[in-house]
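The values are calculated or read from the model by the stated rules, or taken from the named source; none is laboratory data. Small disclaimer: the values here were computed from a predicted structure and weren't measured. Note that each Cβ is placed from the backbone with ideal geometry, even for glycine, and that neighbours are counted across all protein chains shown. Heads up: the accessible areas ignore ligands, DNA and RNA and are worked out on the full protein's heavy atoms, side chains in. Shrake-Rupley method; radii C 1.70, N 1.55, O 1.52, S 1.80 Å.
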Amino acid sequence: MEVVILPGSKQIAALAADAIQVLLQRKPDAVLGLATGSSPLPIYSELALRHERDGLDFSQARAFALDEYVGLPAGHPESYREVITREFTGRVNISPANVHVPDGAAADIPAACQAYEDAIRAAGGVDLQLLGVGTDGHIGFNEPGSSLVSRTRIKTLIEQTRRDNARFFDSLAEVPHHVLTQGLGTILDARHVILVATGAQKAQTVRDLVEGPVAAICAASVLQLHPHATIMVDEAAASSLRLADYYRHSYDNKPPWQGL
Ligand code: GLP
């Protein structure tokens, strides 16, 4: 696990976009793992800018979203299918047919979850997975208590998460109780994961996930088991880390050949 402490979201967006750009240049048909929430938005804007300005090419890229609400009607503006299109994929030249989102409207939920796992595997696995983190430590929608080896499945949201996400809906009552999410085992299979967290309200979560025990009570702590996890945080989100100075020192003195 590498912790990179940066001044703010602008620098985080630039560094994460660099990683995606290098990946696409090396592997034009790379498989990107996409997250929703507000944390990755500056990264998506930076990528859209590089697409427009520099011709960064997504024409062969594939993408898999982490999660989706269950029960929102097709085309609902807050369904993650719509959000990911609006915030990212609709702003670059990725083929819509190559953008996959779990089917939260499926009649047979277990079959839809298995089909999603199969599609990720058929695509050759995720090369780079972007992640945010919920205040309760969830990644995707793997709430506390999620099995550390879980695969794509239905989950029930904790009320705190519904309240956190209510800002995207007209009222709390409209936030679904159920979601489909890639499991923690699914996320661990990605070749590289980049988790982004900003702001003082994430400081304790970041400490728990980086420096706490690996435990289902903080699902994101499972990333300690990942061989290539990059945790990008701003100063506020890093403010509770015990080893912040060490992380800064390591990053500042990193051999350039290592890349990200
Ligand atoms: C939602 C998403 C998560 C995301 C989380 C944090 O619950 N399912 O993938 O990480 O929100 O959101 P934010 O980045 O807005 O704090």
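Below, the figures for the structure above:
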item: Search result, residues across region 224-244 that are under 18 Å from the mean Cα position of the chain (by Cα) and open to solvent by less than 80 Å² (accessible area, probe 1.4 Å); result: Q224, H226, H228, A229, T230, I231, M232, V233, D234, A237
item: Any chance F58 is touching a His at 6+ places or on another chain (Cβ under 7 Å) and either surrounded by fewer than 18 Cβ atoms within 10 Å (Cβ to Cβ) or in a loop (DSSP other than H, G, I, E, B) (or both); result: yes
item: Flag for E52 being surrounded by fewer than 23 Cβ atoms within 10 Å (Cβ to Cβ) and either more than 16 Å from the ligand (Cβ to nearest atom) or under 30 Å from R207 (Cβ atoms) (or both); result: yes
item: Lone qualifier among I109, I139 - being away from the ligand (no atom under 15 Å from the Cβ) and open to solvent by less than 50 Å² (accessible area, probe 1.4 Å); result: I109
item: Residue match in region 23-30 (condition: of a type in the set (D, E), surrounded by fewer than 19 Cβ atoms within 10 Å (Cβ to Cβ), more than 28 Å from L157 (Cα to Cα) and away from the ligand (no atom under 16 Å from the Cβ)); result: yes
item: Options R81, R91, R151: the member that is more than 16 Å from the ligand (Cβ to nearest atom), more than 24 Å from H228 (Cβ to Cβ) and among the basic types (K, R); result: R91
item: Failed condition for Q201, given (1) open to solvent by 10 Å² or more (accessible area, probe 1.4 Å); (2) more than 9 Å from the ligand (Cβ to nearest atom); (3) closer than 26 Å to A17 by Cβ; result: (2)
item: Candidate set from region 121-133 (those that are within 16 Å of K27 (Cβ to Cβ) and away from the ligand (no atom under 16 Å from the Cβ)); member that is most open to solvent (accessible area, probe 1.4 Å); result: G124
item: Near pairs, Cβ below 6 angstrom, 6+ apart or cross-chain, from region 207-224 (under 14 Å from A244 (Cα atoms) and touching a residue at least 60 places away in the same chain (Cβ under 8 Å)) to any residue that is open to solvent by 60 Å² or more (accessible area, probe 1.4 Å) and not in a helix (DSSP H, G or I); result: none
item: Scope region 165-184; condition open to solvent by less than 10 Å² (accessible area, probe 1.4 Å) and either away from the ligand (no atom under 15 Å from the Cβ) or of a type in the set (S, T, Y) (or both); matching residues; result: T181
